[in-house]
1. Distance in nm between label sites at W298 and I386, each 7 Å beyond Cα in the beta-carbon direction?
2. Please get the size of the charge dipole for the stretch 1-134, origin at its Cα centre, with Cβ charges of +1 on Lys and Arg and -1 on Asp and Glu, quoted in debye to the nearest 20.
3. Taking the simple approach of a point 7 Å from Cα along Cα-to-Cβ for both F111 and R123, what is their distance in nm?
4. Label Y75 and H378 with points 7 Å out from Cα along Cα→Cβ: what is the distance between them in nm?
5. Return the Rg/Rh ratio of the stretch 93-237 with Cα-based radii and a Kirkwood Rh.
6. Could you tell me what percent of the accessible area of the chain is made up of carbon and sulfur, with a 1.4 Å probe and every protein chain present?
7. Would you mind telling me which residue in I81, I343, I218 has the biggest mean-square fluctuation in a Gaussian network model of the chain, where springs connect alpha carbons within a distance under 10 angstrom?
8. Which Cα, out of F260, S280, G307, lies furthest along the positive dipole direction of the stretch 222-323 (beta carbon charges, K/R +1, D/E -1)?
Amino acid sequence: MEIPEGVVVPVNEDRCGYQRPLACRLIKAIYGLKQSPRTWYSRIYGFFQANNFTRSNYDHSLFINYDKQVILLLYVDDLVIAAPTQNIIGWIRSKLHLEFQMTDLGPLQAFLGLEVYRNRTKRTLHLSQSKYIQKIISIHRMELCNPAMTPADPHVRLETSKPEFEATLYERKRYQSAVGSLMYAMLGSRPDIAYAVSRVSQYSVNPDPTHWTAVKRIFRYLAGTPNRGLCYGILGSGTGYTDADWGSGEDRKSIGGYTFVLNGAAISWNSKKQSTVALSSTEAEYMALTQAVKESIWLQGLLEDLGARRHLEEMRNINVDNQGAMALARNAEFHARTKHIDIQYHFVREHIESRSIMLTYCPTTDMTADIFTKALPHPTFIKHNIGLGLIDHSAFLLQEGRDDNPYAYDGWDGSTSEGGYC
C-alpha cells in the first residue's frame, strides 16, 4: 500500500546518522486489504448481536431472531430478509438504515445470479439462472448452436489426452473458464448438469478436442433449456437419495452422488469421483452412503436452527438401491470382507443405531441420484429431472392457472417450445 498523495512522512535520524522512515498506521479498514472482509464481518456481526440475532452453527452467514421470527441471510454486503409480516421486515429494515448506508431493492427477485419467482396464491417458488446462462452462452460464442437433449452423451467415454498431445496455455485457460462458468450454474439451480460438469472438470490440465466436444454439449443442452429451474411447493415431500456407479472412472474409481429433496425440489446435491478404488459395487455404494449421511446430519442441524423441525424426519430418510450396502450399514459384525474399508465410512452404523439416519430401499428405476453417477439416455434423464423438481419457467407460469399437481409428468417429449415439464 502506498502513502496517499499529500501526506508527508517525517524521517527519524539516529545517532549514527542513519535515516529510519516511519510507517503509517491504518486506523480504519478500507476495500482491497486482506483483512477487510474479516473486519466487515465483525462489524455487522456486532450489529446482529446487539439486535438479538443468533448466528447459525451450521452456516455462519445465516442469522435468526427467534423472538421476532426474522431470518437474515448475508453474503458480503448483500442481505436477504425473511419474516412472517411486513411490519417485522420494516423493523429490521429501519434498524439497518440507521446503522448502515444501504439500498432497499424491495421484494426478492434476484440474488447472486439466482432469479426468484413466487406464486403466493399456490405458495410455490421457482429458482433459475436464465440470465446468467444466456450470458455465459454468449461469452463462449455458443448462441447459434443446435440444442442437445441431454448434457452428456451416454455412448461417449472420456479419456485422458494422449502423451504426445499438449494443449496451449490459451486453450487450457479457455477450457477452465468454460468449465468454471458451467460450475456456477450447476451449483446454483441446475443439478441436472452436475455429472457432466464433474466429468469434464477432470481434464482441465490438458484438454483435447474430445473434451471440448463434451463441454460444448453441456452448453448446447443449456441453450435449449435456459429457463429451467427448481420449483418448490407445499405439495412435495422430502427425502434423500444416494447412488454410485462402480468402477466407471478411467482410473477404475467409482462415481458417487447424492441429493436431498424438500418440498418437491432438490435443496442439496453432489456428484464426485470417490477418493479410493472400491472392490465391489456394495463397497462403492457404502462409500457414497457415507457422504450422504454427512450431508443429512448437516441439513438436519440447519433445519433445526431455522425452526423447521417438521422436516427433520424427511431428511433422516435416505434411499439406497443396493441391498448389500444397506446390510453392511446395519450389521456391526467385523469380518474379513469389510475390515479393509476405511474406518471413516463405518460411522454410518453409529448414526443408524442412534436413529438419526434411516435407510430405505429404492429400486434402481426410481433412484433419482442415478443422474449424478452416469450419463443417462433421454427418457431416464427426463424422469430424474422431474424427481429433482426441475421445471421450465414457462411451465411454472402456466401452473398458476391450474389446480392439479404441478409435479405431474404429462408425457413431455423434451422440447422447450411448449413449456413442458422437465
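The values are calculated or read from the model by the stated rules, or taken from the named source; none is laboratory data. Since the structure is predicted, the reported quantities are computational estimates derived from the model, not experimental observations. So basically every Cβ, Gly included, is an ideal-geometry build from the backbone, and we count neighbours across all protein chains shown. Each accessible area value is taken on the protein alone, full model and side chains, heavy atoms only, with ligands, DNA and RNA left out. Shrake-Rupley method; radii C 1.70, N 1.55, O 1.52, S 1.80 Å.
1. Label at W298, label at I386, 3.1 nm between them.
2. Dipole about the Cα centre, nearest 20: 500 debye.
3. 1.9 nm
4. 3.4 nm
5. On the Cα set of the stretch 93-237, Rg over Rh gives 1.10.
6. Roughly 53 percent, rounded to a whole number.
7. I343
8. Value computed over the given set: G307.
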